[in-house]
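S.K.: Shown below is the structure under consideration.
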Amino acid sequence: MLIETYDLEVFTPPCEPGAERFAARAHLTIDISEVLPLLNATLRGAYYLPEAKALLWKKGGHNIAFHAYEIATSNVEDRAAAEKELKGLIELVNKTWERRAEITPDTSTRQRPTPLAIFKLLPQTNCKQCGEPTCFTFALKLAASQRKLADCLPLSDPQYAEKRAALEEIIILKRLQLSQLRGKLFLKYRTKPKEQVMQ
């Protein structure tokens, strides 16, 4: 087992003062940097930052960040929910480490999604049902987070299922990148803990 003990911290994200939901992080006593390329190889939609020794991932409604000595998650209701979420992430790290002989590490950073990459996955019918004049205009706004994928009604058609799945992965990656660039992944900030408990 790689991670055996950790300190749990639950707090209000600095970018959302007064929020009713919280962020949480597990402070580790061991460096998990070697696991990150393994997670990058196995987690769909993960975004690896080798220079920062960090891996970002979207899981349900949570932004997840793995760092050398820290694992963090956003959007948790309370300490109990934070404890449950982080326990699951730590189990994921430990199980991945146990399987390291079976996994080929991936140290690549996936290319940032571009409007053109998004456009290529759209139906390209220019049907205007989304309210935009062309699919490329929609792709530009989707890349800028000004439109939602659900606004493209033809994508709900089964024939576009694979393209929709690929677009969903791109959008998850885009959101994680924007969060990281804007400093919304609370890991680089320190605020007064809402609650702290030893594990």
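The values are calculated or read from the model by the stated rules, or taken from the named source; none is laboratory data. Everything numeric here is computed off the predicted structure, so don't read it as measured data. Glycine gets a Cβ as well: all are built from the backbone with ideal geometry, and neighbour counts include every protein chain shown.
S.K.: Do we have ASP78 as crowded, with 17+ Cβ neighbours inside 10 Å, farther than 19 Å from MET1 by Cα and in contact (Cβ under 8 Å) with a residue 60 or more places away in the chain here?
M.R.: Considered against the rule, which asks whether it is crowded, with 17+ Cβ neighbours inside 10 Å, farther than 19 Å from MET1 by Cα and in contact (Cβ under 8 Å) with a residue 60 or more places away in the chain, ASP78 comes out as no.
S.K.: In segment 21-75, which strands (runs of 3 or more DSSP E) lie fully inside it and hold 1 or more residues that are among the hydroxyl-bearing types (Ser, Thr, Tyr) and assigned by TED's automatic domain parsing to the domain that holds VAL10?
M.R.: Strands (runs of 3 or more DSSP E) meeting the threshold: 47-49.
S.K.: Do the conditions hold for TYR47, that is, is it under 20 Å from the mean Cα position of the chain (by Cα), at pLDDT 90 or above and aromatic (Phe, Trp, Tyr)?
M.R.: In short, no.
S.K.: Could you count how many residues in segment 79-136 are within 20 Å of the chain's Cα centre (by Cα) and among the acidic types (Asp, Glu)?
M.R.: The total comes to 4.
S.K.: Specify the residue that is nearest to THR137 (Cα to Cα); the eligible residues are those in segment 99-126 that are at pLDDT 85 or above and small (Gly, Ala, Ser).
M.R.: SER108
S.K.: Now for a different question. How many residues are in contact with a helix residue (DSSP H, G or I) (Cβ under 7 Å, 6 or more places away or on another chain) and closer than 19 Å to ARG44 by Cα when one looks only at segment 58-73?
M.R.: Summing the residues that are in contact with a helix residue (DSSP H, G or I) (Cβ under 7 Å, 6 or more places away or on another chain) and closer than 19 Å to ARG44 by Cα in segment 58-73 gives 10.
Yes or no, residue by residue, for (1) of a type in the set (A, V, I, L, M); (2) in contact with a strand residue (DSSP E or B) (Cβ under 7 Å, 6 or more places away or on another chain); (3) surrounded by fewer than 17 Cβ atoms within 10 Å (Cβ to Cβ):
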residue: GLU9; (1), (2), (3): no, yes, no
residue: ALA26; (1), (2), (3): yes, yes, no
residue: SER33; (1), (2), (3): no, no, yes
residue: ILE64; (1), (2), (3): yes, yes, no
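S.K.: For segment 85-141, give me each residue that is among the small types (Gly, Ala, Ser) and part of a helix (DSSP H, G or I).
M.R.: GLY88, ALA101, ALA117, ALA139
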